[in-house]
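> The structure is given below, and queries will be raised subsequently.
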Amino acid sequence: MPEAKTLEWEVLPPEIKKERARTAALFEWVSILMDRLIRIPGIKQRLGLNPILDLVPGIGDFGAALISVSVILYAIRRRIPKILLGRMALNVLINEAVGLIPLVGSVFAFWFRANTRNYELVRDHLDTPNRSTRSDKLFVGLVLGSVILVLSAGFIGTILIFWILGRMLSGS
């Protein structure tokens, strides 16, 4: 016999409901602006400002990251749980790390849609708060550690390549 589903009811004061609606609305607005603003005829995908900004070397990546991080700062002010903030920051970090690669970063941003992923995380959290588990925390910690390790290795590798090129060009 199949198990009956248990419905969870939550009665909230109107102020909390309004606050949740405002938080979700901001994340949805940024998601639309950065990931789904322009309808592309003939395909189901939509294009946002993020992949377009990524085409501008350096400044575009910084601008897209600034918008994404400002929304995460808003989430901190709204007391979104740290595990959720970690997952959101990871989405932005991955998007921006790959975004540093010319053209590949724009294609990745078009596919990955970090702001839409963050909107979905916030929306799901607001629908069912307090549902993160120990395995969620472990997973986010491992992934964040791995991303930091890879970014550090890439940074050190870049410095070494420039150092070697400098020595070769100077004849030392």
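The values are calculated or read from the model by the stated rules, or taken from the named source; none is laboratory data. Note that the structure is predicted; figures quoted are calculated from it, not measured. Note: ideal-geometry Cβ built from the backbone for every residue, glycine included; neighbour counts use all protein chains shown. Heavy atoms of the whole protein, side chains included, go into the accessibility calculation; ligands, DNA and RNA do not. Shrake-Rupley method; radii C 1.70, N 1.55, O 1.52, S 1.80 Å.
> On the protein heavy atoms, probe 1.4 angstrom, tell me the percent of accessible surface of region 29-86 carried by carbon and sulfur.
Working: 2500 of 3550 Å².
Taking all protein chains in place, region 29-86 shows 70 percent carbon and sulfur surface.
> Provide the net charge surrounding Thr116, with neighbours chosen by a C-beta distance below 12 Å and charges set as Lys +1, Arg +1, Asp -1, Glu -1.
Net local charge, Thr116 excluded: +2.
> Report, by chain and number, residues whose modeled amide H sits under 5 Å from the one on Leu37, excluding near sequence neighbours (fewer than 5 apart, same chain).
Under 5 Å from the amide H of Leu37 lie the amide H atoms of Leu47, Gly48, Leu49, each far enough along the sequence or on another chain.
> Provide the solvent-accessible area of Met168, counting protein heavy atoms only and rolling a 1.4 Å probe, rounded to the nearest 10 Å².
Roll a 1.4 Å probe over it and Met168 shows about 140 Å².
> With a 1.4 Å probe and all protein chains kept in place, how much accessible area does Ser106 have, in Å² rounded to the nearest 10?
Approximately 10 Å² of Ser106 is accessible to the 1.4 Å probe.
> Next up: How many times 2.2 N^0.38 Å is the alpha carbon radius of gyration of region 82-128?
1.24
> Hey, what do the phi angles of region 154-170 turn into as Karplus ³J(HN,Hα) couplings, whole Hz, using 6.51/-1.76/1.60 and θ = phi - 60°, x for Gly and Pro?
Once rounded to whole Hz, the list reads x, 5, 5, x, 5, 4, 4, 4, 5, 5, 5, 4, x, 5, 5, 5, 8.
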